[in-house]
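The values are calculated or read from the model by the stated rules, or taken from the named source; none is laboratory data. Quick caveat, the model's predicted, so the values are computed rather than measured. Every residue, glycine as well, gets a Cβ built from its backbone with ideal geometry; the counts of neighbours run over all protein chains shown. The accessibility values were calculated without ligands, DNA or RNA, using every heavy atom of the protein model including side chains. Shrake-Rupley method; radii C 1.70, N 1.55, O 1.52, S 1.80 Å.
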Amino acid sequence: MTSSGVVYWIFWLLAAFLAALCVFVPHYFAHAYVAYKCGDYTPKAYGRVTLNPMKHLDVVGFIMMVLVGFGWGKPMEVNPSNFRHYRRGLFFYGVAGMVMNYILGLLSFLLFSVVYKYMSPSYIRDFLYLFFGMMYSRNMYLFVINLLPIVPLDGFLVVEACTKPWNKFRQFGQKYGQIIFMVLIIECFACNIIEAYVPAVGYANILGYVSYAATRYVGYPIMALWGLVIPI
């Protein structure tokens, strides 16, 4: 590997590491803060209403986010029965992390555009280009995947907030949601590995379509907005 290749991979790993921090920590902080403001002091008691990464990161999930762009943090300690208004609190708690990721995606693409448009070629520019690009794509991916109404994703909390306990879809999700989610993850990794040998397998990667939709379609309003301000 050439020296420029080594520099690129060092920059890539550092950018991926920092992007993972900037994706996960605000996401879980937002959940904890909203739960606290809605009346549940459990996250506060467990020290989750903080931007301290050590309170939110799961080692394996963090490494996965750094290396492959998908991972998880520590489960949030929360007791929805403590919310002053149960359904309203559960809804706001459920969407808090997604809203935070969308806002970060919005800001990330702005900074990505500024770096691309106005910075002269340099190592600093190369690093910031990688970092803000990862910040945008990974925040948008986390936003979109959490829209899915599957346990343990945030989208299912919205389902619980908007339905009765005896709702058939809700009961089905509570029973089989985690199994479905694990199957999707395994299928995604299997497709990524096999695709190197059989390219057509990539078309079966369901979470791959989620990732593509996150940046290309859901993120399009963000790209269009900043494109009016900073054409790139």
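Structure values in brief
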quantity: Total residues in the stretch 174-228, condition hydrophobic (A, V, I, L, M, F, W, C) and closer than 18 Å to TYR102 by Cβ; calculated: 9
quantity: Those residues of the stretch 165-215 which are of a type in the set (Gly, Ala, Ser) and in a helix (DSSP H, G or I), in sequence order; calculated: GLY173, GLY177, ALA190, ALA200, GLY202, ALA204, GLY208, SER211, ALA213, ALA214
quantity: Unique residue being more than 21 Å from VAL99 (Cα to Cα), surrounded by fewer than 17 Cβ atoms within 10 Å (Cβ to Cβ) and over 15 Å from the mean Cα position of the chain (by Cα) when the list is LEU14, LEU51; calculated: LEU14
quantity: Residue pairs meeting the criteria (Cβ under 7 Å; at least 6 apart or on separate chains; first closer than 11 Å to CYS188 by Cα, in the stretch 206-220; second in a helix (DSSP H, G or I) and β-branched (Val, Ile, Thr)); calculated: VAL210/VAL144; VAL210/ILE145
quantity: Residue ID - farthest from VAL115 (Cα to Cα), chosen from residues in the stretch 216-228 that are open to solvent by less than 90 Å² (accessible area, probe 1.4 Å) and in a helix (DSSP H, G or I); calculated: VAL218
quantity: Considering residues of the stretch 199-211 that are open to solvent by 70 Å² or more (accessible area, probe 1.4 Å) and more than 18 Å from the chain's Cα centre (by Cα) only, the residue farthest from GLY69 (Cα to Cα); calculated: PRO199
quantity: Odd one out for VAL60, checked against (1) buried (at least 16 other Cβ atoms within 10 Å of the Cβ); (2) closer than 24 Å to ILE10 by Cβ; (3) free of Cβ contacts under 8 Å to residues at least 40 places away in the same chain; calculated: (1)
quantity: The lone exception for PHE156 - which of (1) open to solvent by less than 30 Å² (accessible area, probe 1.4 Å); (2) modelled with pLDDT under 90 it fails; calculated: (2)
quantity: Test: residue in the stretch 148-164 that is over 23 Å from the mean Cα position of the chain (by Cα) and not in a helix (DSSP H, G or I); calculated: yes
quantity: Qualifying residue in the stretch 36-49 (condition: farther than 22 Å from VAL210 by Cβ and touching a Ser or Thr at 6+ places or on another chain (Cβ under 7 Å)); calculated: no
quantity: Residue match in the stretch 64-74 (condition: surrounded by fewer than 16 Cβ atoms within 10 Å (Cβ to Cβ) and either among the aliphatic types (A, V, I, L, M) or over 15 Å from the mean Cα position of the chain (by Cα) (or both)); calculated: yes
quantity: Residues being part of a loop (DSSP other than H, G, I, E, B) and hydrophobic (A, V, I, L, M, F, W, C) - total across the stretch 57-98; calculated: 5
quantity: Verdict on PHE91 being open to solvent by 20 Å² or more (accessible area, probe 1.4 Å), over 19 Å from TRP226 (Cα atoms) and at pLDDT 95 or above; calculated: yes
quantity: Matching residues, the stretch 180-198, being over 14 Å from LEU148 (Cβ atoms) and either open to solvent by 100 Å² or more (accessible area, probe 1.4 Å) or of a type outside the set (Asp, Glu) (or both); calculated: ILE186, PHE189, ALA190, CYS191, ASN192, ILE193, ILE194, ALA196, TYR197, VAL198
quantity: Lone qualifier among ARG88, ARG138, ARG125 - being farther than 20 Å from MET65 by Cα and in contact (Cβ under 8 Å) with a residue 40 or more places away in the chain; calculated: ARG88
